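One structure is given below, encoded as structure tokens.
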Amino acid sequence: MNASYLTSILIWLPIAGAVLIWFLPLSRYATGALALLVSFAEVGLWIKQAAHFDFSQPGLQMSERANWFGDLGVSYHVGVYGFSLWLVGLTVVGMAACTAYGFWVGRDRPRAYFGLMLLLTGATVGVFEAQDLLLFYAFFEAMLIPLYILIGVWGGARRMEATMKFVIYTMAGSLLMLAAIVAYGLQAGTFDLVDGPTSTSRWLFLGFMLAFVIKAPLFPFHGWLPDAYRQAPPEVAAVLSGVIAKAGLYGMLRIAITKFPEPTSFYRTAVLALAAASLIYGSLLAFRAADFRGVVAYSSLAQSGLIALGLFAGTDLGFAGAVLQMVAHGLISISLFLIAGAVERRTTTGEFRLLGGMARGRPALATLLMMVGVISLAVPGSASFAGEFLILAGVFQRAWWWAAIGAGAIVLAAMYMLRLISAVLHEARGSTVSDAALDLRPGELALVVPLVCGLLFLSAWPAAISNHSFFGPSPTAAVKSGFK
Amino acid sequence: MIHTPPIDWFGLSPVLTPIGASFVALLCAVLVPRAARRVVTASISSAGFVAAIALAVWLYIDSASGHTIAAGAYYRDRWTSLGQIIIFAVGLATTLLAVEHMPGWGRDADRSRRDDHVAEFFALLLASAAGMAFFVGAANLITLFLALEWFSITLYVMCAIDYDLEGSLEAGLKYLVVGSFGAATLLFGSALVYGATGTVSFSGIATAISSQGLTGDTFVVVGIALMIAGLAFKMSAAPFHMWTPDVYEGAPTTVTAWMSAATKVAALLLTFRVMTTAFPDDQHLWGWAFAIIATISLVIGNFAALVQKNVKRILAYSAIAQAGFMLIGLSTGSALGARAVMFYLIPYSAAAFGSFAIVAARERELGVPVTLDNLAGFGWERPFLGVAMWFFVFGFAGLPLTGGFVGKFYVFAAAYDHGWAWLVIVGVLATLVSLYYYLAIVRAMYMRPSAELAIAGGSPPRERLLQLAVGAALVVAVGSLFAVQPLIDLAEHAAASLPL
């Protein structure tokens, strides 16, 4: 494939942009503009990559490989599959929206802020493109560093506890993954994800899975989630739930399920049970949450559970639905957090008891929140309806009761989302909502509307992703073959 | 008539150059007028280190097949040369740092005492570097002990050189007492080994042990144990670490930066050499001993660092923990372990030097010891030093920003390859604990308001040379993440000198 340089550029362009921003003494405005330019360039490059991607071709595409250190068989190996292409797209689009939000809000200390946002973009794209275990791990960890500082410096009042919890939780998982990577790589003689053999070691599987279930997160490893999502600046919370969490789910698909087929089937019931528990528990907590971000945070937990349900169903429909739902939920969650940020800027709070009645006189806010909310609760015809339907159908093939649990959770989703909409937009006017609180400004619309358009596009044509993520008619066969 | 053995002067030149420069610097103390003394002696020191690095590089290229020189007293091989290059590079960086942060800068206000001991400081720095360079090349128990005392005595003096400060004097004295005890332990161990085997040469000891079946001999085993204890003092591994926090805290920060980086290089490389060359048949003993010392160092270093407030003490305990990681590689005694230790030392020494240099800068602008509280806001006031600091501490923590990440990966790989998966788990858990205090440093620098602090006053000093030194350390630390293959090749060739 002649466009393989795009794969590396997508990773290194934002990192180079970050370094540039740190070295150039640009003004506040110029710094933000440069960062935004780089983010948009990323989106453009991704579109080019997607245009060059040949969906009729099996195996890794646009790959690049260079020696990193040969004695242990570690290389710089990047490339994309269909499903990673979509996740890279989600990352660059989401990060562009969130960077633009930071620009719009006018974050303090712009050089540090925009540099870190770009660093985060590069690292996250790297996670989805890395085809070497150690490289994957390096990017997986590298995401944490900008996140730590972004939450710790620009976050809310209780950011210190939030960052500490977040870092300790995620590192606990990923360090055990490092141990698993060392063991897997030395046993296999290579750390390459494409060439590496499958393994039957249950310990290694658990080492990998622990990192992924914490990152995703699944119940009961979600302890970091409520604090991090509430204390982070809204655009960082959006990235966390929309994009970063997907790295955990992607890891399950790319590494845990693909490289450990025997342990996957051994632990299938256990993982499905955790996923179902996350789905129910997250939905219930979202229904009880007292603030805007709390609802979105816990619904992310529920959605992670749902996607994991699809992945570990181990059926064609489950895999296809999981990838579709990862992208759909990513877009939904980013939009919701950005809208939450807009609401908080106008009212200084996200608490429902202080909000209400915002629909009156604010048609754009009301329309957008309504649309995203309705798509998110999986109204038939929406992108997430397609995703959830595929997942439930997929898990139904495994056993009917998983699908019954999942279907129950969709009812809960309707409950918490409608509660959110009515608490913010309708009901009596909240004490913090003044007439001075304007409708969404054009700048904010320019951030959220494209995301919603993406969702509408996926609603109209969900097969764009669900039929173009795995080569061939059967995702299960693709997974079994190691995507060869 | 006594026959003098033929001496390979070229082989010894990396040791002789800094010691020669040291003599010249000492002469400057009396011959050069006070006003020019700092510039002249710093130039001599830099020139000495640059020349020594050049010679060590030349010897590295020229010594593909290692052998002993000077009647079997000293190894001329790549293990020696590479270790010397690292030590001299740290020495050069310390010289740059010392120009603006000369220990005893508190006296600078008093013009009559200003630059009193500048020449002596550089002379001691060069002499201690020469001693360490000789130490890593030691080929028998006599040169081992001689070199150990050589660089230790200079370090004792360097710790106490800021004699107006109680802390500095106390550090020097404490280091002297504890260090002498360690040296005596090493000497006693050496004597037992000599008594059992009848030879002082490392390779001769190995031959004697295998030919006379002395593997389980009481003298040999006790001798090895005492030697390990003595060497562990020098590399500040727990439970022989008691002096480290106090000395690192009390010594002038410039000296701490030098000690923490260079001493560890010398002690670890020499220990790897002694154990694998002299006691290959007892690997089951010393391998376990070092694995246990590594575990204790990881536990004590990391947990003790959690409760510290003084940044120098945090970094001191972190140095103990880092010794633990490197000892994981050492305990395997394998070629992979040798590569791992050698590679690990490169980003480690850069980060150790760099982090203490940054503490020195903060200390100077505050005029009081640096704690987590008065580090607040540092990252925003001095952006370059702040960013460098977070690279260094995240690198210590093994996050993929510096070569420390690859170093950790290598030692874990060596341990797993050796069949010690439990040691990998210990290392992983220790890393997790260490995150807490490394993150505390970053948090203090960036996430606390600096307004509550009364800064000593004035704008931050212009520290061009300090920034240059920190920048160089940063380039090495970050560069070793990307240029792994060339560095590993160097380490592999160096490790080929050892009988592994």
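The values are calculated or read from the model by the stated rules, or taken from the named source; none is laboratory data. Computed from a predicted structure; not experimentally measured. Heads up, the Cβs are rebuilt from the backbone with ideal geometry, glycines too, and the neighbour counts pull from every protein chain shown.
Kindly indicate whether any position in region B:106-117 is in a helix (DSSP H, G or I), surrounded by fewer than 18 Cβ atoms within 10 Å (Cβ to Cβ) and modelled with pLDDT under 90.
At the first step, the residues of region B:106-117 found to be in a helix (DSSP H, G or I) are B:106-107.
Then drop every residue that is not surrounded by fewer than 18 Cβ atoms within 10 Å (Cβ to Cβ), which leaves B:106.
Remaining after also requiring modelled with pLDDT under 90: B:106.
Yes; the residues of region B:106-117 include at least one that is in a helix (DSSP H, G or I), surrounded by fewer than 18 Cβ atoms within 10 Å (Cβ to Cβ) and modelled with pLDDT under 90.
Which one is nearest to the other protein chains (Cβ to nearest Cβ), of the residues in region A:47-63 that are buried (at least 19 other Cβ atoms within 10 Å of the Cβ) and in a strand (DSSP E or B)?
A:MET62
For the structure I just gave you, tell me whether B:PHE122 is in contact with a helix residue (DSSP H, G or I) (Cβ under 8 Å, 6 or more places away or on another chain) and crowded, with 24+ Cβ neighbours inside 10 Å. Reasoning before the result, please.
Details: in contact with a helix residue (DSSP H, G or I) (Cβ under 8 Å, 6 or more places away or on another chain): yes; crowded, with 24+ Cβ neighbours inside 10 Å: yes.
Here the answer is yes, as B:PHE122 does meet what is asked.
Could you check A:GLU42 against (1) over 25 Å from A:PRO475 (Cβ atoms); (2) surrounded by fewer than 17 Cβ atoms within 10 Å (Cβ to Cβ); (3) of a type in the set (D, E, K, R) and say which number it fails?
A:GLU42 satisfies all of (1) over 25 Å from A:PRO475 (Cβ atoms); (2) surrounded by fewer than 17 Cβ atoms within 10 Å (Cβ to Cβ); (3) of a type in the set (D, E, K, R) except (2).
Among the listed residues A:LEU455, A:LEU438, A:LEU445, identify the single one that is crowded, with 18+ Cβ neighbours inside 10 Å and either modelled with pLDDT of 85 or more or farther than 14 Å from A:VAL327 by Cβ (or both). If you could, list the steps in order and put the result at the bottom.
Numbers: A:LEU438 fails: crowded, with 18+ Cβ neighbours inside 10 Å; A:LEU445 fails: crowded, with 18+ Cβ neighbours inside 10 Å.
Only one candidate passes the filter, namely A:LEU455.
Just to be sure, is B:PHE343 part of a helix (DSSP H, G or I) and within 14 Å of chain A (Cβ to nearest Cβ)? Don't jump to the end; show me each part of the working.
On the way: part of a helix (DSSP H, G or I): yes; within 14 Å of chain A (Cβ to nearest Cβ): yes.
Taking the combined requirement at face value, the residue satisfies it.
In region B:28-69, how many residues are without any contact (Cβ under 8 Å) to a residue 60 or more places away in the chain, farther than 24 Å from B:ARG111 by Cβ and surrounded by fewer than 19 Cβ atoms within 10 Å (Cβ to Cβ)?
Count: 11.
Determine whether region B:432-448 contains at least one residue that is among the charged types (D, E, K, R) and outside any helix (DSSP H, G or I). Even if it seems obvious, please write down each step before you answer.
Residues of region B:432-448 among the charged types (D, E, K, R): B:443, B:448.
Okay, now just the ones that are also outside any helix (DSSP H, G or I), so B:448.
Yes, because at least one residue in region B:432-448 is among the charged types (D, E, K, R) and outside any helix (DSSP H, G or I).
This table checks each residue for (1) surrounded by fewer than 24 Cβ atoms within 10 Å (Cβ to Cβ); (2) within 13 Å of another protein chain (Cβ to nearest Cβ); (3) assigned to a loop (DSSP other than H, G, I, E, B).
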| position | (1), (2), (3) |
| --- | --- |
| B:ALA352 | no, no, no |
| B:PRO369 | yes, no, yes |
| B:ALA376 | yes, yes, yes |
| B:LEU399 | no, yes, yes |
| B:PHE409 | no, yes, no |
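Could you grab me the full set of residues in region A:66-75 that are buried (at least 19 other Cβ atoms within 10 Å of the Cβ) and more than 9 Å from every other protein chain (Cβ to nearest Cβ)? Spell out the reasoning first.
Initial filter on region A:66-75 (buried (at least 19 other Cβ atoms within 10 Å of the Cβ)): A:68-69, A:72-75.
If the condition is that a residue be buried (at least 19 other Cβ atoms within 10 Å of the Cβ) and more than 9 Å from every other protein chain (Cβ to nearest Cβ), then A:GLY73, A:SER75 are the ones that fit.
Can you pull out every residue in region A:279-301 that is buried (at least 24 other Cβ atoms within 10 Å of the Cβ) and either part of a loop (DSSP other than H, G, I, E, B) or touching a Ser or Thr at 6+ places or on another chain (Cβ under 6 Å) (or both)? Walk me through it before giving the result.
Let us first name the residues in region A:279-301 that are buried (at least 24 other Cβ atoms within 10 Å of the Cβ), namely A:279, A:282-283, A:286, A:292-293, A:295-301.
Result: A:ALA286, A:SER300, A:LEU301.
Residue check: is A:ALA359 touching a residue at least 40 places away in the same chain (Cβ under 8 Å) and crowded, with 22+ Cβ neighbours inside 10 Å? If you could, list the steps in order and put the result at the bottom.
Working: touching a residue at least 40 places away in the same chain (Cβ under 8 Å): yes; crowded, with 22+ Cβ neighbours inside 10 Å: no.
In short, no.
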